[in-house]
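Just so it is clear, none of the values below were taken in a lab; they were calculated from the coordinates. Keep in mind the model is a prediction, meaning the values are calculated, not measured. Here the Cβ positions follow ideal geometry from the backbone for every residue, glycine too, while neighbour counts run over all protein chains shown.
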Amino acid sequence: MKINLIDLTIEKAHNSLLKDEYTVLDLANAYLAVIKEKNEELNAYLEIFYTDIIKQAEVAQKMFQAGTSTLMTGIPIAIKDNILFEGHIASASSKMLENHVAVYDAFVIKKLKMEGVVILGRTNMDEFAMGSSTQTSAYGATRNPHDMTRVPGGSSGGSAVAVASDMALVSLGTETCGSVRQPSSFCGLVGIKPTYGSISRSGIIAMGSSLDQVGPMGKTIADVEILYNAIYGHDILDSTSLSDKFRRTVLGEFKGQSFKKRIGVPREFLKGEGINEEVLKNFDESCQKLKNLGYEIVDVSSDMMKYSLAVYYIIMPAEVSSNLARYDGIRYGLSVDASNLYDVYAKSKGQGFGKEVRRRLLLGTYILSHGYYDAYYNKALKVRDMIKEELLNIFKDVDVLITPTVPFPAFKLGEKMDDPIAMYMCDIFSAPANLAGIPAISIPSGKTVDGLPLGLQITAPYLREDILFSIGKDFEKRV
Ligand code: GLN
């Protein structure tokens, strides 16, 4: 039987597997056939886990036979190359970790194994998740299937392309600032950055620990919701992971409160330089669609949101320089021989890390240095608190906020590589959610005249992923 992968959803696949219309291995093989045909050109996967696929498919098939299957059982999934899967390389697309084999499973992998998923392979990304185009990978750029001359976004570009080109049904990316939402927007997918602490960071190669979060990507809201439900939850191995009791308490406060169906637009924030005309026009159309669906759209004012990008680019490099200090040629990763210890450090880091990673290490070390710590790092932390507080206040009036996900559509390969500031502009609308720890989703909202996908970003209060899924499902029906 030929499986139609283009319109396949988790629910449809699950029903077919339940009815024995095809086996778990048939489904995995259908994706492997597309991978064989397309991956060389697109470079979405760095490695396919061939032998594990067969073993995992057997486990899943047995769950179906035993009647213990869940919606995720047998679902073929791609994982970003910074998620540890025991016995497999996790390189964060860096030369530094080229041969780094994971010795334990990340929390999300443990969860997914319990559900009996089929992990197809690991996907390309910007090196150590630093970038917005998947071009900083040490293993070559990934291409956007909607236009092969353009980037897929990043840093989870490989995970986005795997799903967008039918090389996986769903995928996992990670976010520090937009790395799930931005490539989802560039590739026409749904991608969510959940509440900070919702999904354990255990077994995720760290970038900025106060910002990092795993995020599901898929073609539909329902697929992303199912994957999210499979991987969230408390984990004792991550001290910032939210306890179930805490989650219940926070959500209990909302019980019985009805939706205002009131959506805020931070209008001043959309007036910045460099926002593409087609993106703005598409955003207006999205607002109109939401109005037609019965939502009230109101402008909200924000004094602080415009500082988010600047604050992010202080806090993130500071955390990066601390997290990546372990890759010194002694403890982890690439080790280059030299006659003294200092040269081992310098040569290992110099040869192991690419330009963008080195730039951020230098910036972060400077930001945290004696004499500048208060001027930069401490001040950024204070502004971060002010941004959080402002968002809390805004959510007293509206259910969610909306903006475009990115100020422009997918750009050409090679573009912005010599201009880091232009590249960092990709993150302008993403940063507030990561800094505040609140959830945000990107949903396909149409295309440019050249056929490039665009995305609408919806941001919700703490732990209110449910609102994002609910509005998202409404919006998705009419697009
Ligand atoms: N564009 C962001 C950056 O370069 C992406 C970070 C992320 O979300 N991993 O920092």
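For the chain, hydrophobic long helices are taken as DSSP H runs at least 20 Å long by C-alpha position along their axis with mean Kyte-Doolittle hydropathy of -1.0 or more; these are 24-42, 50-66, 308-323, 379-397, 465-478.
Could you tell me how far the Cα centroid of the stretch 127-184 sits from the Cα centroid of the stretch 253-288, in Å? Computed from Cα coordinates, the inter-centre distance equals 25 Å. Across the stretch 246-277, the residues whose backbone nitrogen lies under 15 Å from the label position 7 Å along the beta-carbon direction of Asp466 are 246-261. Spin-label pair Lys355-Ala422: with each label point 7 Å from Cα along the Cα-Cβ axis, the two points sit 1.3 nm from one another.
In terms of its C-alpha gyration tensor, the stretch 71-229 has a rounded overall shape, because the principal axis ratio a/c (a ≥ b ≥ c, square roots of the eigenvalues) stays below 1.5. Peptides 254-263, 290-299, 42-51, 4-13 ranked from most to least packed by the mean count of surrounding Cβ atoms within 10 Å: 42-51, 4-13, 290-299, 254-263.
Each Lys and Arg contributes +1 and each Asp and Glu -1, all at the Cβ; summed about the Cα centre of the chain, the dipole is approximately 520 debye. Starting from the Cα of Val34, move 7 Å in the Cα-to-Cβ direction to define the label point; list residues of the stretch 107-140 whose amide nitrogen is under 14 Å from there. Of the residues in the stretch 107-140, 120-121 have backbone N under 14 Å from the label point off Val34. Farthest toward the positive end of the dipole of the stretch 90-156, out of Thr136, Val151, Val103, is the Cα of Val103, where the dipole comes from beta carbon charges about the Cα centre. In this Cβ point-charge picture (+1 for Lys and Arg, -1 for Asp and Glu), the stretch 66-153 has a dipole of about 120 debye about its Cα centre.
Multiplying the residue separation of Lys396 and Lys261 by 0.36 nm and subtracting their alpha-carbon distance yields 47.3 nm.
Give the separation of the Cα centroids, the stretch 213-243 to the stretch 47-123, in Å. After rounding, the separation between the Cα centres reads 15 Å. Can you figure out the FRET efficiency of Ala66 with Leu237, using R₀ = 35 Å and their beta-carbon distance, to the nearest 0.05? Calculated transfer efficiency: 0.75.
The peptide list 73-81, 27-35, 343-351, put in order of mean Cβ contacts within 10 Å with the highest first, becomes 73-81, 27-35, 343-351.
Assuming 0.36 nm per residue, please report the length gained on full extension of the stretch Leu362 to Met114 beyond their Cα-Cα distance.
85.2 nm
Between Val103 and Thr249, the distance separating the two model label sites (each 7 Å from Cα on the Cα→Cβ line) works out to 3.6 nm. Dipole orientation for the stretch 274-404: of the candidates Tyr376, Ser348, Leu324, Ser348 has the Cα lying most toward the positive pole (charges on Cβ; Lys, Arg +1; Asp, Glu -1). Selection among Ile199, Leu46, Met425 by position relative to the dipole of the chain gives Ile199 as farthest towards the positive end (Cβ unit charges, Cα centre). In angstrom, the C-alpha Rg and Dmax of the chain are 21.4, 70. Highest average first, the peptides 140-152, 119-131 ordered by how many other beta carbon atoms sit within 10 Å of their residues are 119-131, 140-152. The charge dipole of the stretch 201-301, taken about its Cα centre with unit charges on the Cβ atoms of Lys, Arg (+1), Asp and Glu (-1) only, comes to about 480 debye. Summing Lys, Arg as +1 and Asp, Glu as -1, what charge do residues with Cβ under 12 Å from the Cβ of Ala222 carry, Ala222 excluded? Computed value for this residue: 0.
Treating r as the C-beta distance of Ile6 and Lys382 and R0 as 56 Å, the FRET efficiency rounds to 0.70.
Extension gain for Tyr50-Lys291 works out to 82.0 nm (0.36 nm per residue, less the C-alpha to C-alpha distance).
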